[in-house]
Structure formats: structure tokens, C-alpha cells
Amino acid sequence: MYKWIPLNSPADLAELEKLISPEYGPTRVAKKLANGISSAVKAVLVEPGYIDKDYRSTYYNFYSKKGQRYRPDCVRLHFFDETVTFDETMLKLSCADRLIDHYFGYMVLRPTGIATIGRTVLSPDIRSGASGFIITTDHKVHLLGHKLVINGFPSMDQHIDISVCAHVACWSVLRHYSERFNIYREFLMHDITLMAHEFDPGGIVPAKGLQMEHAERVFQEAGTFPVHIARDNRPGDLSFYRQLSAYVESGFPLFAAMHTLGHAVTVVGYEWRPAVNTGIPGMRYSWDEVQSLAVVDDNYLPYLSIPVKKGGTPYSAEDIDAFIVSLPEKVFYPADAIDRLAPALFKLGSVVGLPPEDQTIIRYFITTGSAFRRFVREKESEFDPKLLAKIMILPFAQFVWIVEFATEAQWAIGQIEARAVIDATASIREIMPLWLFHSRTSALVSDRQRVGNDLAGLGALKLSDMGHMGFSRMVRNLRPTQTK
């Protein structure tokens, strides 16, 4: 039977031990939840006999073949706020308004005895310690006749015997893609263990770990176009981290490896440090303003915050030494090319009107041409009508890079001085693959219809000063009212 657990304090989660049999690991799960979710969660609904497709994929192909007997069904936990009540006799959830607005997600428990947390999607708003910006998408949930939606990022524990942390990191990225983009199919956990190899290794071989090339193979088999980026350990070279933050800002979750720790996680978000006007000269990048990353780690509840610098947590961003970004087909101009191009755009500063190079913070990310037009339309008061009209008719490629330039004072209030739109389908050998480069008063425009016309094809446009220009948020901003 469904059971309802009101939560007046984290200690009430111990009730799970009375309602759920030991093979689902309720004691460990209760402790993990008590340490990881905020006080916004006021009730848990226990759903028995749940058929989970990810667990079933491993059950039929692995657990059912073992000498020890495993159950084929799972338990699913659902999380709600204080406005929701449950009638156990009628099996009815009640709420004064839309139930969907008071639902915080679910957690599947597998009957495997160890590492029992299966497919989980929780709202970042209830994760203790989570803050900043998180990559999420909507996940549909059917519960007692209700169709609910939870906005989050998928996670689970590694199985230990058939999957390890790297398998889970691959799975979480691909499950996000299949929910977010309809061109990608769904892959279950057992699929991931097979995709990493050219042949079915059988037995427990998948649990011996994955190399970066195995993870690349998984993403290739899934129909994405993975780019593997390794850290260059030259002193002071931060281009690796600038690329990492740019892809995350673009909404791409990253398979991240920490070879010295023998561990893999998924990077799904970031938080900027509080903006302070230091007055110290020198060109900076948005990465220099990041104070922490949000990761999905199979040892913790999702959205674990890790600092940029070492200290205070099991690891930091400095421990990440390689990552894989799974790109769509039509992105040919990578982040490292943008990292080299962005400072070169100061050569056009006198035409467009850039701040002094040693007083500028540079931010770059990738988006679609249609998303950029939608942003412009939503912020049309910030654009000269002539520029807005040009943006609406320029034949953008499907994907474009956005490069934004701001002074320290502008960054502190979420404004920019200038913006460049770069063709993400350009060749890395092109000199200046610009669609558009504009400030509040001037613009350079190119329709890129003729090959080999990099600079000659740029047309100048004088603009009326429309006031400030704000930068855009590409990934989900947490609601601070929920994170306690």
C-alpha cells in the first residue's frame, strides 16, 4: 500500500525503515535524504511495486542470472511541500491549487541491497547547499492518476557490480538529452554498459571501469558528437576551465573525469562569486568570476556544490583534468577556437566601441540562432530598431556563439558593453567568422553569403543609444526562496 510520511524534521525520514524492506536500503537512503534535502520538503509518499525500466534492463540481463534471488520491482519515493495531503483510504492526493506546483520530484529504490538509489529526478530548489545556475529539463511523472512534471537533472547510484561512476555519468547526460531533445532516443543503464565496448564483454567486466575513450564511444553510439578536452598543465593556463564553463553556460552537461581520484561526475551548473568592483586592471573571463560548480555525483544527492579551489569538500574543480562535451551535429567551431578569437575582437574595438582591454570581462557561450532572436525580441527595448530588424533577417546558422564584453562595473549589475555573434558552423581556419558585432551605438554586420570574404563583407551600422544591454541566462536560475 501507498504510505504517507509527514516530515516535521529530518529525523522523521527514519520512518522509511519501518515501511520499506531492507533490500531497498532504507536506512542509508533516509540518512542521505536527511543530510541532503532542504526543509521545503514536508512529506514523502512511498509507492510500492514500481516497475522501473532502468532497473529492469539490468535485472533481466544481469541480476536474474545470479544465484542470489533479487526482486523485479522497485519502490518509488515522491516529495511534496506542506500544502499537499494524502488520503490513504481513497489513495487521493489533495492540494488547494495545482498539485504540479507543489511536487519536488522522485527517487527510485532498487532491491539490490547495496547502492540502492536508482533513477532519481529532484528539483534543485530542495537540495541543501545548491545555488547558482543548473541545467535542467522537464521529466514527466504519472502518479495515482495525476500527470506531474518535475524540472531537474537525472541521477542514480552506480550499481557497483554492473556499472560504475562513469557509466552513471554517461547515463545521466544521455537521459537528459532524450528528455530535452526529441532527436535523441532513450538509453537504459544496461544499454550504456554495452555501448562502451565493441562487443558484449559479459559477466562483471563493465564494473571494472571506463576509460575516456569508452565514454566517447558511448556518446558516439548515442548519436551525439563528443569532443574530448584534456587539461594542459602549463602554469597559469586556464583555457581548459574557460571552455568547461562556456559549455555548461551553453546548457551542455559535461562528462568530467578526475584521473587522480579515479572518479567521474557530470558537471551540470555553476555559481558566480559575488560581484565586487576591485578596480584591479587586467582582462578577465567569466570563469574568473565562478566560485563553484554543481555536479551530479553518484555518491551524493544531485547538485553537489564543489569549489573552484581545493578545500572543504571531497574534491574541487581543480581535480577535474578532462571532460567530454556531447555536441549536436552542426557545431564545427569549438570553444577553444572562440577562446582564441575573443581577445582578437579587440582589433575591431575602435569601430564597434569596446571598453579598454585591461578593464574587460569576456563571457562566451553557444546557443541557437532562433534562441538568440527570441532573446532579442524579449529585450527589444535594449536594441535600436535598425539593429533589431537586421538580427531578424540575418541568415544565422542553427548554432551561434555569443561573446559578450563587460566592464567590471557592468558585470556587477548584469549588463554588457558589446556583443559578438559568431558562426558555430565556421571553419577554425577562418579569420573572422562574424555574423554580428555590436555595442549600444555601433554595429558591424555580415550575412556570410560569400566564401573568403571574412572582413570585406562587414557592413557598419550607426545606432541610437538605447541605454543599457543585459546579458542572458542560458541555464536555470535556482529560486533562493526554496534552498534553505
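The C-alpha atoms of the chain define a longest principal axis, and helix 165-180 lies at about 70 degrees to it. For residue 53 and residue 374, a Förster radius of 35 Å and the Cβ-Cβ distance give a FRET efficiency of 0.55, rounded to the nearest 0.05.
Remark: spin-label model distance residue 310-residue 65 equals 4.2 nm, labels positioned 7 Å along the Cα→Cβ axis.
Students often check this: by mean Cβ neighbours within 10 Å, which of 172-178, 17-23 ranks highest, and how do the rest follow?
Working: 172-178: 25.0, 17-23: 14.4.
With the highest mean Cβ count within 10 Å placed first, the list reads 172-178, 17-23.
Using the alpha carbon gyration tensor of the range 239-395, what are the three equivalent-ellipsoid semi-axes (square root of 5 times each eigenvalue), largest first, in whole Å?
31, 20, 15
Extent along the principal axes, Cα only, for the range 20-63: 39, 17, 17 Å, with the longest axis given first.
Scattering from the C-alpha atoms of the range 103-190 alone, worked out with Debye: what is log10 I(q)/I(0) at q = 0.19, 0.20 1/Å? Cα-only, vacuum Debye calculation for the range 103-190: -0.97, -1.06. For the chain, would you read off the P(r) tail past 38 Å as a percentage of all alpha carbon pairs? Beyond 38 Å sits 31 percent of the P(r) for the chain.
Solvent exposure of the chain, expressed per residue, is 42 Å² of accessible area, with all protein chains present and a 1.4 angstrom probe. A P(r) calculated from all alpha carbon pairs of the range 327-441, with 5 Å bins opening at zero, reads 2, 11, 22, 24, 22, 14, 5, 0 percent.
Listed by chain and number, the lysines placed with their C-alpha closer than 23 angstrom to that of residue 3 are 18, 31, 32, 42, 53, 92, 140, 147; residues fewer than eight positions away on the same chain are left out. Between residue 441 and residue 230, the C-beta separation translates, for a Förster distance of 56 Å, into a calculated FRET efficiency of about 0.85. Mean separation of Cα pairs under 8 Å and 6 or more residues apart, divided by the residue count, gives the range 287-337 a relative contact order of 21 percent. Give the distance, in whole Å, between the Cα centre of the range 266-293 and the Cα centre of the range 5-49. Cα centres, the range 266-293 to the range 5-49: 37 Å.
Find the Rg to Rh ratio for the range 59-141, where Rh is the Kirkwood radius over alpha-carbon pairs and Rg uses the same atoms. Can you show the working numbers first?
On the way: Rg = 16.7 Å, Rh = 15.6 Å.
Rounded to two decimals, Rg over Rh is 1.07.
Dipole of the chain, Cα-centred, from +1 at each Lys and Arg C-beta and -1 at each Asp and Glu C-beta, to the nearest 20 debye? Once rounded to the nearest 20, the dipole reads 520 debye.
The values are calculated or read from the model by the stated rules, or taken from the named source; none is laboratory data. Small disclaimer: the values here were computed from a predicted structure and weren't measured. Because the Cβ atoms are built from the backbone with ideal geometry, glycine has one as well, and the counts that use them run over all protein chains shown. Side chains included, ligands, DNA and RNA excluded: accessible areas come from the protein's heavy atoms. Shrake-Rupley method; radii C 1.70, N 1.55, O 1.52, S 1.80 Å.
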